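Structure record follows, encoded as structure tokens.
Readers should treat all values here as calculations from the given coordinates under stated rules, not as data from a laboratory. A quick note: this is a predicted structure, and the numbers were derived from the prediction, not measured. Because the Cβ atoms are built from the backbone with ideal geometry, glycine has one as well, and the counts that use them run over all protein chains shown.
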Amino acid sequence: MGEATAAVLYGVEDLRIETFDLPEVGDDDALLLVEACGLCGTDHELFTGHIGAPYPVVPGHETVGTIEAIGDEAAAKWKINVGDRVAVECWQACGGCDPCRAGVYRRCTKHGQTDLYGMIPTDRKPSLFGGYSTHHYLSPDSLVLPVPPELNPVEATLFNPLGAGIKWGVEIPGTQQGDYVAILGPGIRGLCALVATQDIGAEFVAVTGYGPNDHPRLEMAEAMGADLVVDVAEEDAAKRFRDATGGRLADVVIDVTANAPTALGQAVRLSAVDGTIVMAGVRGEKGAPGLNSDAIIWKELTVKGALGVDAPVYRKALELLAQRKFPFDLFTRREVGLNDTAELLADMAGKGSAPPPVHGVIVPGL
Ligand SMILES: [Zn+2]
Ligand SMILES: [Zn+2]
């Protein structure tokens, strides 16, 4: 029996390196050697305490690795074997309850929203339930996705934000070819929503950001083919959208902002009559100042909440990544080992000394 090394979050900005015994693998479970774990807004919000967690916990929910050990039953069920590279869905699903049978496994009555990989306390054995670790335990109710051979593990971690881009940017709002789209927030999920809406054939896509820190990301959005980028700290997004489109507003608005209370009000102002707003940016208790809720009625808008993604969409994301149709290499990227994870998270939260990369990745082997 060997040991795993993991970064364990004990509280706000308190990340410690610890070792754990590797679990024995039975018939129906597996052990993953983690090659890369992507970081998103959720990660730095957990680190800074904007999102609570059942401390102590091994975070990390955008995990890619190779199977180190697997039971016969799990190998048959997941159609994978030792040495195969997989991406790990952070939700677990029993497969047998009513929601699971209906295909909405994120509402699994056995696991639900308290059993997310990256959010499970280490006092539950075998403790290795997150990607900030050399090893990740895969319970019998795990969902794993084969990674196409064209992709290296770091690239493959984009399965998660690109899956969100496809799910929130296209599938939930029903975005169609020819649509006019506004994306609020130029983070990795916003840039991935840009790719996903371009891929479906959107006619016009705008991306907004806030303040000088977002300027490099807005330039990135432009380089990736955004038709309009707007700094909402300087300019009115709805006016710029109208000016650029000959008076049209957005059929679809995707809010993937972080800590931006006024974004929902802007989304409503940017929406065309009969438009759809997808809300995926959480705002805590700050509510939505500047929201004219009557406009939702006058414009007959549809507002939809987006919580997670799902396995079929992650598969599409991995396929799209493997096609190399879009310039994901324009993303600024930083890869760190476990020891430098806290520093990278502080930078991503805007509290460090270096500018935040769009794509932060932990490579536990570094
Ligand atoms: Zn994430
Ligand atoms: Zn279930």
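Filter the trypsin sites (Lys or Arg not before Pro) in the range 270-366 down to the DSSP loop ones having no more than 12 other Cβ atoms within 10 Å, then list what survives.
When the trypsin sites (Lys or Arg not before Pro) of the range 270-366 are filtered for loop state and at most 12 Cβ neighbours within 10 Å, R324, K325 remain.
For the range 30-109 and the range 202-217, compute the distance between their C-alpha centroids and round to whole Å.
So the two Cα centres are separated by 31 Å.
Ranked highest first by the average count of other Cβ atoms within 10 Å around their residues, in what order do 33-45, 69-81, 198-210, 154-166 fall?
154-166, 33-45, 198-210, 69-81
Quick one: what are the phi-derived ³J(HN,Hα) couplings along the range 290-305, Karplus 6.51/-1.76/1.60 with θ = phi - 60°, whole Hz, x for glycine and proline?
Calculated HN-Hα couplings, in order: x, 7, 9, 5, 4, 4, 4, 6, 4, 8, 6, 7, 10, 10, 10, x Hz.
With a ≥ b ≥ c taken as the square roots of the eigenvalues of the C-alpha gyration tensor of the range 161-305, please select rounded if a/c is under 1.5 and otherwise prolate if a/b is larger than b/c or oblate if it is not?
On the way: a/c = 1.22, a/b = 1.09, b/c = 1.12.
Rounded, since a/c falls under 1.5.
Work through the residues other than G275 whose Cβ is under 10 Å from its Cβ and net out their charges, Lys, Arg +1 and Asp, Glu -1.
Details: positive: K299; negative: D179, D251, D274, E300.
That works out to -3.
What are the residues whose amide H is under 5 Å from the amide H of I277, where those residues sit 5 or more places off or on another chain and H is modelled from the backbone?
The answer is V253, T302, V303, K304.
Considering only lysines 8 or more places apart in sequence, or on different chains, count the pairs in the chain whose C-alpha atoms sit under 22 Å apart.
Lysine pairs, 8 or more places apart or on different chains, close enough: 12.
Over the Cα atoms of the chain, what Rg and Dmax result, in angstrom?
20.3, 66
Could you calculate, for the range 263-366, the ratio of the Cα radius of gyration to the Kirkwood radius, expressed as Rg to Rh?
1.08
Provide the net charge surrounding G211, with neighbours chosen by a C-beta distance below 9 Å and charges set as Lys +1, Arg +1, Asp -1, Glu -1. Spell out each step's value before the answer.
Values: positive: none; negative: D214, D231, E234.
Around G211, the charge tally is -3.
Classify the range 230-324 as rounded, prolate or oblate from the Cα gyration tensor: take a ≥ b ≥ c as the square roots of its eigenvalues, call it rounded if a/c is under 1.5, otherwise prolate when a/b beats b/c and oblate if not.
prolate
For the range 1-42, what's the radius of gyration and Dmax over Cα atoms, in angstrom?
13.3, 38
Within the set of other residues whose C-beta is less than 14 Å from the C-beta of C37, count the net charge using Lys and Arg as +1 and Asp and Glu as -1. Intermediate values should be presented prior to the final figure.
Details: positive: R85, R333, R334; negative: E35, D43, E62, E89, E155, E335, D340.
Local charge sum for C37: -4.
Which whole-Hz ³J(HN,Hα) couplings does the range 139-154 yield from phi under the Karplus relation 6.51 cos²θ - 1.76 cosθ + 1.60, θ = phi - 60°, glycine and proline marked x?
So the J values, rounded to whole Hz, are 5, x, 9, 6, 10, 10, 10, x, 8, x, x, 5, 9, 7, x, 5.
Would you calculate the convex hull of the Cα atoms in the range 23-129 and tell me its volume per residue in Å³? Intermediate values should be presented prior to the final figure.
On the way: hull volume 11.8 nm³, N = 107.
Dividing the Cα hull volume of the range 23-129 by its residue count gives 110 Å³.
Would you kindly derive the ³J(HN,Hα) couplings of the range 38-55 from the backbone phi angles with the Karplus curve 6.51 cos²θ - 1.76 cosθ + 1.60 (θ = phi - 60°), listing them in order in whole Hz, with x for Gly and Pro?
x, 10, 10, x, 4, 5, 6, 6, 5, 4, 8, x, 5, 10, x, 8, x, 4
Of the listed peptides 227-238, 82-93, 179-190, what is their order by residue-averaged count of other C-beta atoms within 10 Å, with the highest listed first? Each step should come with its number before you reach the end.
On the way: 227-238: 17.7, 82-93: 21.5, 179-190: 27.7.
Taking the mean over residues of other Cβ atoms within 10 Å, the ranking is 179-190, 82-93, 227-238.
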